[in-house]
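In what follows, a single structure is set out as structure tokens and then discussed.
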Amino acid sequence: VFTVAILVAAGRGERLGADRPKAFVVLAGRPMLEWSVAALSGQVDEIVVALPPGERAPAGTRGVPGGDTRSHSVANALAASAGDPVLVHDAARPLITPALVRRALDGLGDFDAAIAAAPVSDTIKEVRGDEVVRTLDRAALWAVQTPQVFRRAALAQALAGDLAGATDDAMLVERAGGRVRVIPFPRENLKVTTPVDREIAERLLC
Ligand code: CTP
Ligand code: MG
């Protein structure tokens with residue numbers, strides 16, 4: 001088994017609004033993506049990083065150019081490695097730990113994909129315009145994170161289809177009829193999207 005981790009770091013970080021691409025913003029003393037590299041490095045055989053223009057891959061990783069969308073960045077990185085299984089992680093989730101990476105890898109079993117997720121704690125309503133249509137059954141709702149671990153063939157097949165509107169890779173595997181398992185993860189493995197997320201992440205990392 002040769003496990004590859006794809007670290008997607010090619011986004012611009014428009015909602016964070018920093019002076020550089022989000023993955024390269026310094027958080028608690030390190031560029032954000034370096035936290036994920038540190039968590040991944042002992043658990044996988046190779047790390048391929050999808051990079052924004054003009055940025056270099058961290059030590060011990062291999063860089064590939066990112067794409068126009070997140071899915072295209074994953075596809076570029078997948079093409080650059082023959083590893084199987086394939087773990088995909090967002091550089092925007094710097095609170096990942098080696099133990100959580102291991103938990104995700106161990107969760108694949110005989111599924112096509114295994115994805116980190118936390119039960120939702122908010123009540124979630126479906127709304128049209130400004131009017132509530134219905135309240136969803138919270139017990140059945142999970143907020144999805146990364147890492148997401150895939151059999152290489154399942155991910156390659158999913159990425160060969162229509163990538164439109166995909167906010168994660170597992171969605172593409174689901175569309176292609178694949179079986180996806182949820183692995184319970186802590187909410188602390190948060191994604192840095194806006195300035196308040198950056199503040200919370202920085203406090204948790206210190
Ligand atoms: N990503 C990527 N290639 C893209 C778009 C996103 O590799 N073309 C990566 C980001 O670097 C991030 C992850 O996908 O690690 C999740 O995306 P998101 O949180 O949306 O990051 P950004 O796209 O950078 O932020 P924004 O949408 O606010 O511009
Ligand atoms: Mg984005």
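Where residues in region 1-44 are in a helix (DSSP H, G or I) and touching a Ser or Thr at 6+ places or on another chain (Cβ under 7 Å), which of them is nearest to ligand 1 (Cβ to nearest atom)? The selected residue is VAL37. Taking region 1-12 as the range and being surrounded by fewer than 20 Cβ atoms within 10 Å (Cβ to Cβ) and within 15 Å of ligand 2 (Cβ to nearest atom) as the test, only ARG12 passes. Scanning region 58-73 for residues being among the aliphatic types (A, V, I, L, M) and in contact with a helix residue (DSSP H, G or I) (Cβ under 6 Å, 6 or more places away or on another chain) gives a total of 1. Within region 31-55, the set of residues being crowded, with 16+ Cβ neighbours inside 10 Å and over 18 Å from the mean Cα position of the chain (by Cα) comprises GLU55 only.
Check whether at least one residue in region 73-95 is near ligand 1 (Cβ under 8 Å from one of its atoms) and assigned to a helix (DSSP H, G or I), and report yes or no. Within region 73-95, one or more residues are near ligand 1 (Cβ under 8 Å from one of its atoms) and assigned to a helix (DSSP H, G or I).
Residues in region 56-79 that are away from ligand 2 (no atom under 16 Å from the Cβ) and surrounded by fewer than 18 Cβ atoms within 10 Å (Cβ to Cβ): ARG56, ALA59, GLY60, ARG62, PRO65, ALA79. Cβ-Cβ contacts under 7 Å between residues 6 or more apart (or on different chains), taken from a first residue in region 95-111 that is in contact (Cβ under 8 Å) with a residue 60 or more places away in the chain to a second residue that is buried (at least 17 other Cβ atoms within 10 Å of the Cβ) and in a helix (DSSP H, G or I), are listed as LEU95/ALA201; ILE96/SER36; ILE96/ALA39; VAL101/ALA39; VAL101/LEU40. Set side by side, the residues GLY165, GLY178 differ, and just one is touching a residue at least 60 places away in the same chain (Cβ under 8 Å), of a type in the set (Gly, Ala, Ser) and part of a loop (DSSP other than H, G, I, E, B), which is GLY178. Taking each residue of region 26-40 that is farther than 20 Å from THR194 by Cβ and looking for partners that are among the hydroxyl-bearing types (Ser, Thr, Tyr) and at pLDDT 95 or above with beta-carbon atoms closer than 9 Å, six or more apart or interchain, yields VAL37/THR61; ALA39/THR97; LEU40/THR61. Considering region 61-72 alone, what residues qualify as being part of a loop (DSSP other than H, G, I, E, B) and within 12 Å of ligand 1 (Cβ to nearest atom)? Of everything in region 61-72, those that are part of a loop (DSSP other than H, G, I, E, B) and within 12 Å of ligand 1 (Cβ to nearest atom) turn out to be GLY66, GLY67, ASP68, THR69.
Being more than 16 Å from ligand 1 (Cβ to nearest atom) and closer than 25 Å to ALA153 by Cβ: is that true of ALA113 here?
Yes: the conditions hold for ALA113.
The values are calculated or read from the model by the stated rules, or taken from the named source; none is laboratory data. From a predicted model like this one, the values you see are computed outputs, not experimental measurements. As a convention, Cβ positions derive from the backbone with ideal geometry for all residues, glycine included, and neighbour counts pool all protein chains shown.
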